[in-house]
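Remarks on the structure that follows.
The values are calculated or read from the model by the stated rules, or taken from the named source; none is laboratory data. Nothing here was measured: the structure is a model prediction, and the numbers come from that model. So basically every Cβ, Gly included, is an ideal-geometry build from the backbone, and we count neighbours across all protein chains shown.
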Amino acid sequence: MVNHYFLISFLLILSTLKLNAQILPTEQDLRDEVRKYGQAEVTIAWPGREETDILTRNVSIESVREGKVTISLSKRTVEWFISGKYSYYLVPRADTKGVLSASSVNEALAWQSYPTFTQYDSIMRSFAATYPSICRLDTIGTSVNGRLILALKISENVHADGAKPQVFYTSTIHGDETGGFILMLRLADYLLTNYSTDQRVTNLVNNLEIWINPDFNVDGTYYSGNTITDPVRYNANGQDLNRNFPDPLQSYYPEKETIEMVSFMKKHRFVLSANFHAGDEVVNYPWDRWPRLHADDTWFNYISRAYADTVHNHAPAGYLTDLDNGVTNGYAWYSVYGGRQDYMTYSLQGREVTIELDYTKTTPASQLENLWQYNWRSLVGYLENAAYGVHGLVKDATSLKPLSAEIYIHSHDKDSSQVYSDSLKGSFTRLLMPGTWNISFHAYGYRDTTLTGLVVEDKTPLNLVVYLEPLSVKSDSSYKYLPFIWPNPATSSIRCVLPQSFSGNIKVTVVDNAGKKAMEFNDYYFKGEQKEIDISALPAGSYFVVFRNLTTGEHLTSRIVVTGRFNR
């Protein structure tokens with residue numbers, strides 16, 4: 001009995017030591033985990049809003065839930081975290097046995113397993129080859145390791161660039177969040193196979209240009225090679241790509257994938273988009289980095305609520321119900337800097353949400369069918385939002401040529417929520433809640449025009465053709481003298497073009513006539529970009545804008561005039 005009692009006590013001590021080793025790992029344990037697997041996941045107690053904001057600027061927060069912050073660490077961030085002396089719990093690595101790899105393309109096309117990268121490439125090519133009239137394969141770019149980042153365009157008359165609204169679905173910017181990867185492939189298959197037989201699908205394909213990028217972070221997903229065995233969150237350089245987009249609140253050091261995705265999104269100017277994640281179950285909408293609400297916050301909540309509620313009608317109780325029953329404003333959850341959602345919405349005047357599909361980051365193959373059944377109706381319904389609101393063309397009243405114009409709503413638009421008509425076709429889309437709106441149109445060298453009493457109905461497009469009268473004398477609009485800034489005078493925002501030598505990290509400083517600094521921020525300038533600057537917070541008056549290249553020290557100064565909101 002004594003020996004038996006001693007044995008039980010000894011085992012209890014060993015068990016306690018093992019538990020403590022998990023809860024309180026050494027610093028070297030963290031380093032070893034990152035070195036061996038490319039990442040480590042830890043949790044800490046919620047430290048409060050201010051400390052969490054410091055964390056999110058330096059490490060990759062995955063989720064905040066039930067008083068805990070879940071953090072992913074890479075080779076770029078593990079030493080910063082260690083230096084902070086946080087009390088943390090090292091989360092055991094998830095079992096990846098459920099990530100079943102397909103043995104063939106045909107097996108992968110049953111959507112009950114994960115394709116190898118070779119099979120994924122073949123599937124994307126087969127879609128374009130099988131449905132050439134409505135499907136085209138494009139390449140966004142290549143990853144750090146040289147893998148193709150693929151996207152499909154699905155639309156009637158797919159090889160023409162028309163005036164239809166362009167929409168974009170993309171998944172797996174975090175390489176180990178894989179459920180959305182299969183959902184996007186299966187959605188493409190669903191749209192292609194049901195075109196002309198299903199009226200809802202046919203309407204989508206006929207009225208929109210649909211772009212689908214199933215896997216943005218292919219190096220993270222296929223971290224171990226050609227199959228998905230030990231996927232990681234990060235790209236090959238250990239960078240969280242969803243913290244790597246241009247952000248007015250921090251310096252920008254872009255990865256190869258981000259540069260090419262930004263170029264792709266600037267080219268297409270998507271009016272509506274969504275990116276798909278896992279690790280939680282919620283629809284998250286802008287803003288992620290600001291406590292203030294987007295001008296179209298009510299609309300964002302409306303479309304997010306519709307996605308979640310449709311899921312609830314087709315899923316078991318408890319799925320997609322986190323936070324406000326499956327919906328949240330991003331900042332209300334936790335702040336994110338350099339995120340794609342805010343970049344798309346603020347810098348490109350699109351409308352994007354982030355959809356967290358599954359608490360399990362790497363969805364087991366056995367659950368892929370359920371994930372599809374829960375979400376496919378919502379995936380279709382979300383895209384349909386792009387066909388509603390206000391649609392139209394802006395033209396020169398004299399020549400009837402298309403115009404690039406700013407479309408804005410007085411006393412409503414803020415924080416870059418206005419939209420612009422396309423310079424080649426003059427087309428625009430302004431997504432709005434049902435109601436009566438007054439919408440203004442402004443183009444450089446043309447008389448401002450405001451259309452009043454426009455009635456927007458629910459789930460019904462309002463189509464317009466707007467003709468702008470040229471001013472008698474146009475100012476020189478060439479880019480010969482840079483920086484070129486327009487409109488000037490301006491009310492809410494200005495656009496500017498800088499010399500090519502300014503490509504890279506820049507500092508923008510605005511000072512008033514007394515030499516007092518009115519605003520200052522760091523940004524990233526792409527060669528040939530039309531950089532937009534929000535000046536809505538500046539009082540009416542005259543200012544100097546100074547652009548400085550942070551690498552070369554080169555600087556340029558230009559004068560702007562800010563007018564009152566209603567004196568435009």
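When we screen 104, 83, 72 for residues that are closer than 24 Å to residue 367 by Cβ, modelled with pLDDT of 95 or more and surrounded by fewer than 16 Cβ atoms within 10 Å (Cβ to Cβ), the only hit is 104. Among strands (runs of 3 or more DSSP E) entirely within segment 31-115, having at least 3 residues that are touching a residue at least 60 places away in the same chain (Cβ under 8 Å) and under 25 Å from the mean Cα position of the chain (by Cα) singles out 60-65, 68-73.
Provide a single number: the residues in segment 513-524 that are modelled with pLDDT of 85 or more and surrounded by 14 or more Cβ atoms within 10 Å (Cβ to Cβ). Selection size over segment 513-524: 5.
Of all the residues in segment 233-249, those that are among the charged types (D, E, K, R) and either in a loop (DSSP other than H, G, I, E, B) or without any contact (Cβ under 8 Å) to a residue 40 or more places away in the chain (or both) number 2.
Scan segment 231-240 and give yes if some residue there is closer than 28 Å to residue 420 by Cα and either touching a Pro at 6+ places or on another chain (Cβ under 8 Å) or not assigned by TED's automatic domain parsing to the domain that holds residue 422 (or both), otherwise no. No, the conditions are met nowhere in segment 231-240.
Within segment 300-339, the set of residues being crowded, with 17+ Cβ neighbours inside 10 Å and under 15 Å from residue 56 (Cα atoms) comprises 330, 331, 333, 334, 335, 336, 337, 338, 339. Output the residues belonging to segment 178-208 that are farther than 11 Å from residue 111 by Cβ, part of a helix (DSSP H, G or I) and among the β-branched types (Val, Ile, Thr). Scanning segment 178-208 gives 193, 201, 202, 205. Residue pairs whose Cβ atoms lie under 6 Å apart, separated by 6 or more positions or on different chains, with the first residue in segment 392-416 and under 23 Å from residue 350 (Cβ atoms) and the second among the acidic types (Asp, Glu) and surrounded by fewer than 20 Cβ atoms within 10 Å (Cβ to Cβ), are 403/396; 416/534.
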